[in-house]
């Protein structure tokens, strides 16, 4: 079965560090899609303690990842990486379904979902 979302080893390492910093006890990592942003959709990543019936659970690099069933068509094939540079580090999200994104890179839309665009 093809993974909905792929977390690279570098991203998993960074996420585990963040879990330690926040002293979360075995949380799930939720990867989500929300309405908003200048292109209509935006990504979300946060920690969650409980899994709901709307979620599918993925296991990668020792992480338990939750993705809502409704978000899966939008996120299918997405890779989340962590890159370090002279300006600091940050997560990068490569979504093959995104047909347009804004300059800041945190907002996008797909062919089938325009989301709810806002002013930049």
Exercise for the section: Go through the stretch 35-87 and give me each residue that's in a strand (DSSP E or B), surrounded by 13 or more Cβ atoms within 10 Å (Cβ to Cβ) and without any contact (Cβ under 8 Å) to a residue 40 or more places away in the chain. Expected result: 47, 48, 55, 64, 66, 68
Practice task
Determine whether residue 112 is at pLDDT 80 or above and out of contact with any helix residue (DSSP H, G or I) (no Cβ under 7 Å at 6 or more places or on another chain).
Solution key: no
Practice task
Considering only residues that are closer than 22 Å to residue 46 by Cβ and surrounded by 12 or more Cβ atoms within 10 Å (Cβ to Cβ), look in the stretch 95-104 and name the one that is modelled with the lowest pLDDT.
Solution key: 102
Practice task
Working only within the stretch 19-34, note down all residues that are surrounded by fewer than 14 Cβ atoms within 10 Å (Cβ to Cβ) and either touching a strand residue (DSSP E or B) at 6+ places or on another chain (Cβ under 6 Å) or at pLDDT 85 or above (or both).
Solution key: 20, 21, 34
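The values are calculated or read from the model by the stated rules, or taken from the named source; none is laboratory data. From a predicted model like this one, the values you see are computed outputs, not experimental measurements. Backbone-built Cβ (ideal geometry, glycine too); neighbour counts: all protein chains shown.
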